[in-house]
1. Using a cut-off of 12 Å between alpha-carbon atoms, which aspartates and glutamates can reach LYS184, once sequence neighbours fewer than 8 places away in the same chain are excluded?
2. How many times 2.2 N^0.38 Å is the alpha carbon radius of gyration of region 58-159?
3. Can you give me the long-range amide H partners of ALA240? Hydrogens built in the peptide plane at 1.01 Å from N, cutoff under 5 Å, separation of 5 or more residues or another chain.
4. Which distance in Å, rounded to a whole number, links the C-alpha centroids of region 82-118 and region 283-353?
5. Too long at a 21 Å Cα-Cα cut-off: which of LYS78/LYS111; LYS89/LYS173; LYS78/LYS299?
6. Straight-line reach only, C-alpha to C-alpha below 18 angstrom: list the lysines that LYS27 could link to, leaving out same-chain residues fewer than 8 apart.
7. For the pair ILE359 and GLU323, how long in nm is the line joining their label points, each one 7 Å along Cα→Cβ?
8. Can you give me the C-alpha center-to-center distance between region 130-145 and region 201-262, rounded to a whole angstrom?
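Please treat every number below as a calculation from the coordinates, not as lab data. Just so you know, these numbers come straight off a predicted model, no measurement behind them. Positions of Cβ are backbone-derived with ideal geometry, glycine not excepted, and every protein chain shown enters the neighbour counts.
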Amino acid sequence: MTPLVLLLLDACRWDYIDPETTPFLWKQAETGRHYRRVIPSPGFCERTEMLTGMSPAESGFFTAIGHNPEQSPYSGLKPLLSVLHGLEKLSTSALWRKVLRRILRQSMRRKGHGFGPYYIPLRLLDKFCLTEDYYDHRDPRAFAVPSLLSLVAEDGFRTHYDSFTALGMFNTKSDEERLDLAVKAAVCPTTKLFLVYHSAPDAFGHELGPDHAGMKTALARVDDQIRRFHEDFLARRPDARFMIVGDHGMSQVHERVDAGAEVVRIANELGLRVGKDFFFFLDSTMLRVWFETPDARSKLAPAIFESHVLASRGRVLTSQLAESLHVPVADRTYGDLIWWADRGVLVWPDFFHSPDAHISGMHGYDPSHADSHGTCIAFGPGISARQVETLELRGVFEVARELLIDE
Ligand SMILES: [Zn+2]
């Protein structure tokens, strides 16, 4: 049994790999199999694509949070959320907001719910729920089709999952701790698949922006960390194979758009009320709107199409466009209308970040642009040198599956 380590190097853009900055990964890419560009689907459910081989249209998982009042852990908490909303309005301080939301997140965790409030308006929280992370990925209910985890289990082997990531995972660890944990787990002879997550390229990419000189320093550190991890892992499992996957790229933010304020402004002009006639969700690259009344649908939808602020910085995801991009079409989970920002345009504020956060890089833009592309390097026993120009992110599933089967 040949073990496979699948290391998800979050937001490792394809052009980050070079001989000076990342000598270890560069060498593995030269001597192993290198899929130079990994092309993700639009949205934020990359782990589902990798683990199941399905597009968002096939899996039904598109953005991280969807409209699902039946499954929302906040349903039935309306009175409490109203009180907290009142408290939140007492001060405009970002710290006050942060503290209040942390308390709410911790009390939800104590009840076993991983879906934190982020910066979602408190009175709307009961409308939403996690999508791909609603179930733990080890749970048989997580996916409707076989996943890498279920295939490994079917063969009677185990998957090391504690070094991986999920929204709402309770025991958050540092990158170093996740790598150490995987090395410790390497000695277990029945574990065949090791899922490991490394956040640094994503974290630094968001903070600094991909063009910042500090990225090289951060990437060099990551490269060295992976080199040591590889060495330590091989000391315990000399036959292991590795797949390093950058699941998507990162674009420099060059403009911010307050899409929430714009939709509220349009609605006010039309005499429509948020929370009553319609509601919306702000991802970093999307404005998603749900119409609750026929009036909202007939008036607000065309006005959003016509908004100069939005039309000059993005486009509405029509059914035709959604179909061509393999994302869900007319699925109420994700919105009755979705406006999608152009590359480098950041929806700000959004429902994920504190308004005082500093964001210079973002992903989730048009995947046809090179900025959006990740990379994939497979190396180890039996993997010969081969350069492949592109691989769709969902193709990672098939590559991993073959490496798991092929002894
Ligand atoms: Zn990110």
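1. Result set, ordered by chain and number: ASP162, ASP232.
2. Details: Rg = 17.0 Å, N = 102, 2.2 N^0.38 = 12.8 Å.
In units of the globular-protein estimate, region 58-159 measures up at 1.33.
3. For ALA240, no residues qualify.
4. For region 82-118 versus region 283-353, the Cα centre distance is 27 Å.
5. Details: LYS78/LYS111 16 Å; LYS89/LYS173 33 Å; LYS78/LYS299 29 Å.
Among LYS78/LYS111; LYS89/LYS173; LYS78/LYS299, the Cα-Cα distance tops 21 Å for LYS89/LYS173; LYS78/LYS299.
6. LYS216
7. 3.2
8. Here the answer is 25 Å between Cα centres.
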